[in-house]
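Take a look at the structure set out below.
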Amino acid sequence: MSATLVSNLGWYPASWRSHPARQMPAYADAASVRAIEARLEAAAPVIHVEDAARLRDLTAELAAGRGFLLQGGDCAESFDDPVAEQVAGIVGLFDAMTDRLRANVDGPLVEVARIAGQFAKPRSANDETHEGLTLQAYRGDIINGISFDALARRPDPQRMIRAHMQSVGTAASLAAARGSGSPIFTSHEALLLPYEEPLTRRDGAGRWWATSGHMLWLGDRTRQVDSAHVEYLRGIENVVGVKCGPTINADELLRLIDRLDPLARPGKLMLIGRFGAKKIGDLLPALLRATRDRPVLWAIDPMHGNTSMSGKRKVRRLPDILAEIDAFFAISKAEGVHAGGVHLEMSALDVTECIGGRGPASVDELEKNWLTACDPRLNRAQAIDLAAHVAALLA
Ligand code: PEP
Ligand code: CO
């Protein structure tokens with residue numbers, strides 16, 4: 001008798017419910033949440049499982065030390081986004097960036113957008129106060145509304161239906177835009193588990209896939225080994241990203257890897273460092289050493305560790321972003337680990353959200369065209385220049 005190896009023993013799509021779940025909205029009416037979940041269970045998948053499987057084949061190559069991942073898009077999508085324009089914009093931006101990168105990439109250049117499901121946001125504070133009024137924090141359009149009034153800020157489960165519909169449309173436009181050419185895959189943070197669970201579907205071989213996006217990632221605030229989010233992600237076949245912030249240590253990361261991918265399947269896990277330019281030098285080497293014999297892919301998110309505050313504005317500076325990328329390449333080289341990709345927050349528009357380069361020169365200029373629903377993004381020119389910078393590091 002041969003034993004079949006299963007990676008997700010004891011797992012089922014709802015098994016996260018018996019684990020502590022952080023960053024989840026408190027819906028007022030449990031019955032209406034259940035009704036929405038039932039509708040999502042009957043709804044069309046956002047992506048095709050075959051495409052999610054294709055992405056895993058590609059990340060397996062990256063984990064073997066060939067090729068490069070370009071991942072990027074909005075911090076948060078919005079229900080107000082004009083979808084056709086948005087998709088055309090991001091496709092054009094990926095085209096321009098991959099033009100800069102391609103000649104210097106040995107192996108597949110894998111394109112993954114933060115799109116068609118990037119609607120839920122983890123927050124550092126549960127509420128927000130303005131002029132004496134305290135309301136729940138905005139948690140992304142899939143949960144509540146961004147405007148500062150009590151009704152908008154109340155979590156509304158109906159928003160999951162709207163997010164699903166917009167995601168289906170966005171994913172279809174994205175697939176159509178590239179046709180049979182090199183695809184742009186979709187990704188988002190797997191944060192809102194009542195949305196993810198009903199979109200989890202079985203393939204012909206009995207394996208479970210998230211059909212809300214090709215790749216899902218675990219946020220830095222929800223990566224406790226016993227968390228509901230880790231429990232959900234350990235059961236699906238999709239490529240899973242793990243955001244690794246400054247508070248993770250090598251032991252914790254190894255336990256997380258063992259939990260999420262006990263069979264050590266090449267390219268299954270994408271570790272995404274986000275330490276900040278000042279900290280990466282102290283923190284990344286030990287993590288690279290600890291994971292050296294794991295078939296994982298290492299990438300860098302140079303955005304989230306390089307954020308400071310100026311009043312109520314989040315501030316990010318291009319020199320810090322580039323410095324963290326430079327350090328990532330240098331450390332990877334020194335440790336003999338493949339520098340496998342970058343994970344960015346970027347817009348195809350001429351926004352003024354990050355300081356430096358072909359963007360605003362100072363904090364005073366951030367107001368000019370600040371459009372993000374959450375964190376500051378690179379504008380089009382900054383993103384293209386960053387791609388040229390990375391291309392030089394790859395040469
Ligand atoms: C994000 O990618 O938008 C995000 C919230 O990242 P992190 O979990 O790394 O803070
Ligand atoms: Co963000």
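Report the residue, chosen from L55, L322, L378, that carries the largest GNM mean-square fluctuation when the chain is represented by alpha-carbon nodes joined by springs under 10 Å.
Looking only at L55, L322, L378, the largest GNM fluctuation is found for L322.
Mind listing the long-range amide H neighbours of V242? Cut-off is under 5 Å, sequence gap 5 or more, other chains count too, H placed in the peptide plane at 1.01 Å from N.
Excluding prolines and chain starts, which carry no amide H, the hits are L218, M270, L271, I272.
Do you know the relative contact order of segment 210-276, to the nearest whole percent, from alpha carbon pairs under 8 angstrom that are 6+ apart?
36
Assuming a ≥ b ≥ c are the square roots of the Cα gyration tensor eigenvalues, decide whether segment 211-285 counts as rounded (a/c under 1.5), prolate (otherwise, with a/b larger than b/c) or oblate.
Because a/c hits 1.5 or more and a/b exceeds b/c, segment 211-285 counts as prolate.
In debye, nearest 20: dipole of segment 54-113 around its Cα centre with unit charges on the Cβ of K, R (+) and D, E (-)?
400
For the chain, give me every cysteine whose Cβ has no other Cys Cβ within less than 4.7 Å, ordered by residue number.
Lone cysteines by the Cβ rule: C244, C354.
For L378, enumerate residues with amide H under 5 Å from its amide H, sequence gap 5+ or separate chain, H modeled in the peptide plane.
E345, M346, S347
Output wanted: per-residue J couplings in Hz (rounded whole) for segment 173-184, from phi through Karplus 6.51 cos²θ - 1.76 cosθ + 1.60, θ = phi - 60°, x for Gly and Pro.
Whole-Hz 3J(HN,Hα) from phi for segment 173-184: 5, 5, 5, 5, 5, 9, x, 8, x, 5, x, 9.
Mind listing the phi-derived Karplus ³J(HN,Hα) values for segment 8-19, rounded to whole Hz, using 6.51, -1.76 and 1.60 with θ = phi - 60°, and x for any glycine or proline?
Each residue's phi maps through the Karplus curve to give 10, 3, x, 9, 8, x, 9, 5, 4, 5, 9, 10 Hz.
Looking only at segment 235-319, where both bridge partners belong to it, what percent of the DSSP beta bridges are antiparallel (to the nearest 5)?
On the way: 3 of 12 bridges.
Looking only at bridges with both residues in segment 235-319, the antiparallel portion is about 25 percent.
Which percent, nearest 5, of DSSP beta bridges in the chain are antiparallel?
Details: 11 of 47 bridges.
Restricted to the chain, the bridges split so that about 25 percent are antiparallel.
Can you give the charge dipole size of the chain about its Cα centre, rounded to the nearest 20 debye, using +1 on the beta carbon of Lys and Arg and -1 on the beta carbon of Asp and Glu?
Its charge dipole is roughly 620 debye.
Give the residue list of trypsin sites (Lys or Arg not before Pro) in segment 1-106 that are DSSP loop and have at most 16 other beta-carbon atoms within 10 angstrom.
Of the trypsin sites (Lys or Arg not before Pro), the ones in loops of segment 1-106 whose Cβ has at most 16 other Cβ atoms within 10 Å are R22, R66.
Out of every Cα pair in the chain, what percent are spaced more than 39 Å from each other?
11
Calculate the all-directions average of the projected area of segment 110-157's alpha-carbon convex hull, and give it in nm².
Over every viewing direction, the Cα hull of segment 110-157 projects on average to 4.3 nm².
If one computes P(r) from the Cα atoms of segment 1-139, what percent of pairs lie at distances over 19 Å?
Result for the distance tail: 73 percent.
What is the sum of charges around T186, taking Lys and Arg as +1, Asp and Glu as -1, for the other residues whose C-beta is under 10 Å from the C-beta of T186?
Surrounding charge for T186 is 0.
Just name one of G72, A361, I331: the one whose Cα is farthest towards the positive end of the charge dipole of the chain (beta-carbon charges, Lys/Arg +1, Asp/Glu -1).
Value: I331.
Give me, ordered by chain and number, the residues 5 or more places off V315 or on other chains with an amide H under 5 Å from its own placed amide H.
S308, M309, S310
Would you work out which of L269, L254, S227 lies farthest towards the positive end of the dipole of segment 193-277, given +1 charges on the beta-carbon of Lys and Arg and -1 on that of Asp and Glu, about the Cα centre?
It is L269, whose Cα lies furthest towards the positive end.
Which Rg and Dmax, in Å, describe the Cα atoms of segment 277-395?
15.2, 48
Answer with one residue from I280, H304, T291: the one whose Cα lies farthest towards the positive end of the charge dipole of segment 280-332, charges on Cβ with Lys, Arg +1 and Asp, Glu -1.
Toward the positive end, the furthest listed residue is H304.
Count the net charge of all other residues whose Cβ sits under 15 Å from the Cβ of R202, scoring Lys and Arg as +1 and Asp and Glu as -1.
Local charge sum for R202: -4.
³J(HN,Hα) across segment 342-353 via Karplus (A = 6.51, B = -1.76, C = 1.60, θ = phi - 60°), whole Hz, x for Gly/Pro?
Each residue's phi maps through the Karplus curve to give 10, 10, 10, 9, 8, 10, 7, 9, 8, 6, 10, 10 Hz.
For segment 159-216, what D do you get in µm² per second when you plug the Kirkwood radius from alpha-carbon pairs into Stokes-Einstein at 4 °C and 1.567 mPa s?
103
Quick one: net charge of A28's neighbours, Cβ under 14 Å, K/R +1, D/E -1? Walk me through the numbers before you get to the answer.
Details: positive: R34, R153, R154, R159; negative: D29, D156.
With Lys, Arg at +1 and Asp, Glu at -1, the neighbours total +2.
Report the charge-dipole magnitude of segment 254-323 in Debye, nearest 20, computed about the Cα centre from +1 at each Lys and Arg Cβ and -1 at each Asp and Glu Cβ. Please report the intermediate quantities before stating the final value.
Working: 15 positive and 6 negative charges, 62 e Å.
Dipole size: approximately 300 debye.
No value in this document is a laboratory result; all are computed from the given coordinates. Here the structure is a predicted model, which is why all the values come from computation and not from measurement. All Cβ positions, glycine included, derive from the backbone under ideal geometry; neighbour counts span all protein chains shown.
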